[in-house]
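Derivation of every value follows stated rules applied to the coordinates shown; laboratory data play no part. Small disclaimer: the values here were computed from a predicted structure and weren't measured. Positions of Cβ are generated from backbone atoms using ideal geometry, with glycine treated the same way; all protein chains shown enter the neighbour counts.
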Amino acid sequence: MLVAQPAQPASKIVVSQPVESVALNPEAGTTLEMGRGGYQGTLEITAYPAGLAAVETSTVDQYLMGILEVPASWPAATLQAQAVAARTYLAWTLSRGRSINGTRYDYDICASQYCQVYRGPSGAAVDWADAVVATGGEILIYEDRPAQALYSSSAGKRTRSVQDIWGGGGVPYLQAVDSPELEYTPYERWELTVTADTFARVFARGGYSFGDAIDDVRLRSPGEGNGPEAVEVQTELGVTAVTATRFRAIFNVYGPDLYPGLMPATRSSGSRWPQTVLSYSFDVDFEPPKGSLYELLPPGESGEPGTLTVVGEGWGHGVGMSQWGAMAMGTAGATYQDILDLYYGLAPQDAGSMLPDTARVGLEVERAQIFVDADGPFQVAAPGFDPVTLNAGEWTFRRSQQGVVIIGSGAAVYDSPLFRPPRWRPR
């Protein structure tokens, strides 16, 4: 039995019976705030061995209205191109089947940057909503299936071919093209400089041991369209090859952890870059220590480290549509069809049966507790109990050994077997 003490003598705590899952159905006009998002679809909170998962069942239009990928102040054509790309990516994701986590926690698509950033439709800007409506039902189709409409923030001068980032044979609509964004993107050029010792420590945390003093670091590329690049680290013991994707991931994960004052680097404005290595479009330059002593010593015996400089452009994987490039094109008067044609070489078409009416969006997983703030009444349903209408207010959902426990503060007491009155322990 969960026992709670009221924050004030006049308030009451409502504690529910533990259940395996609960479904929150907001009434018309009610928004359920959770984390940084506001949701209006059915919100299911389910207990799993690893913690609670929150999944929203949303209509496709509700989902698209809640996408938060580009500023709503950008040109209408840019927003429309983004709406088609986001709708296409949803259709492609649904068509390919669920991920491992999606299967485990019963959702179709996640709500983070690993899928598409989704915060719910409650705060959708008018211009973004107009773009969703103006392109209603349109997606990009390749060989009678939804295209994998990848996009990222900024590509720099040129986007990347998909096979050069993740390998494989590639597809025609995800090939490198010039991106007209250099006068607009804030990611035109970025740079990171670290000592060889710092570089070695960061990569040791990521599982790489170079085994000796570093003599050289080079980027090896098979050429555009021919597959992934690799960074080669040379010591007296030999050469260690690190794929460009792994190189970026290790710097971004372990660099700030080990050297928070150094990574991400500081840009000229004085603020930090959003990541240590912002994209896969980079080159490396290794500068060995200078001086007559170093020049007389054999490789690997300099006694002091050199420096590694990583210089790149863009932010993100760089495959498919560049959002800053789309912004530049929209500003110059291009239509959304022009933007999609440049980056994908495809024209938007009606999705038809390729897009279902609803999707299940994974909002949170593996949480000990989830907080929901309802701005109006909503109905809560649980297996084995009749639905109950709850009032607006703050509600907490906790994981217990028996399942989900609901806790809410306020004056209401609910006459339902789902809820049991609290038993107060004397102090």
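Screening the chain for whole DSSP H helices of 24 Å or more along their axis (Cα) with average Kyte-Doolittle hydropathy at least 0.0 returns 76-96. For the chain, the residue among Ser322, Ala111, Gly312 whose Cα projects farthest onto the positive side of the dipole built from Cβ charges is Ala111.
If you take the Cα centroid of segment 239-283 and the Cα centroid of segment 37-64, the two points sit 33 Å apart.
Using equal-weight Cα scatterers in the Debye expression, the normalised intensity of segment 190-312 in log10 at q = 0.14, 0.16, 0.23 Å⁻¹ is -0.60, -0.78, -1.40.
Between Arg205 and Thr331, what is 0.36 nm times their sequence separation minus the Cα-Cα distance? Round to one decimal in nm. Can you show the working numbers first?
On the way: separation 126, 0.36 × 126 = 45.36 nm, distance 4.40 nm.
Residue separation times 0.36 nm, minus the Cα-Cα distance, leaves 41.0 nm.
When the Cα positions of Ser209, Pro387, Pro348 are compared along the charge dipole of the chain, Pro387 comes out farthest toward the positive end, with charges on each C-beta of Lys, Arg, Asp and Glu.
The charge dipole of the chain, taken about its Cα centre with unit charges on the Cβ of Lys, Arg, Asp and Glu (plus for the first two, minus for the last two), comes to roughly 1640 debye.
A simple spin-label model places the labels of Ser95 and Asp350 1.7 nm from each other, with each point 7 Å out along Cα-to-Cβ.
Take the Cα atoms of the chain, build their convex hull, and give its volume per residue in Å³. Write down the numbers at each step before the final one.
Working: hull volume 82.6 nm³, N = 427.
Each residue corresponds to 194 Å³ of Cα convex hull volume.
Treat each spin label as a single point 7 Å out from the Cα along the C-beta direction, and report the Asp375 to Tyr184 distance in nm. Those two pseudo-labels are separated by 3.1 nm. Site pair Phe385 and Ala76 shows an inter-label distance of 4.9 nm when each label is modelled 7 Å from Cα along Cα→Cβ.
Of all the stretches in the chain, which is the longest one without any exposed loop site, taking GluC sites (Glu not before Pro) in a DSSP loop (any state but H, G, I, E, B) with at most 15 other Cβ atoms within 10 Å? Present the calculation step by step, with values, prior to reporting the outcome.
Numbers: sites that count: Glu20, Glu27, Glu143, Glu183, Glu188, Glu224, Glu236, Glu301.
In the chain, the maximal stretch lacking such sites is 302-427.
From the alpha carbon centroid of segment 71-98 to that of segment 180-203 is 29 Å. When you filter the trypsin sites (Lys or Arg not before Pro) in segment 108-170 for DSSP loop state and at most 16 other Cβ atoms inside 10 Å of their Cβ, you are left with Lys157. Of interest is the spacing of the C-alpha centroids, which for segment 136-175 and segment 320-348 amounts to 13 Å.
Selection among Leu237, Leu52, Leu94 by position relative to the dipole of the chain gives Leu52 as farthest towards the positive end (Cβ unit charges, Cα centre).
Charges at C-beta only: +1 for Lys and Arg, -1 for Asp and Glu. How large is the resulting dipole of segment 190-312 about its Cα centre, in Debye rounded to 20? List each step's numbers first, then the result.
Details: 9 positive and 16 negative charges, 124 e Å.
So the magnitude is around 600 debye.
Annotation: extensible slack from Ala125 through Leu219 equals 29.5 nm (criterion: 0.36 nm per residue apart, minus Cα-Cα distance).
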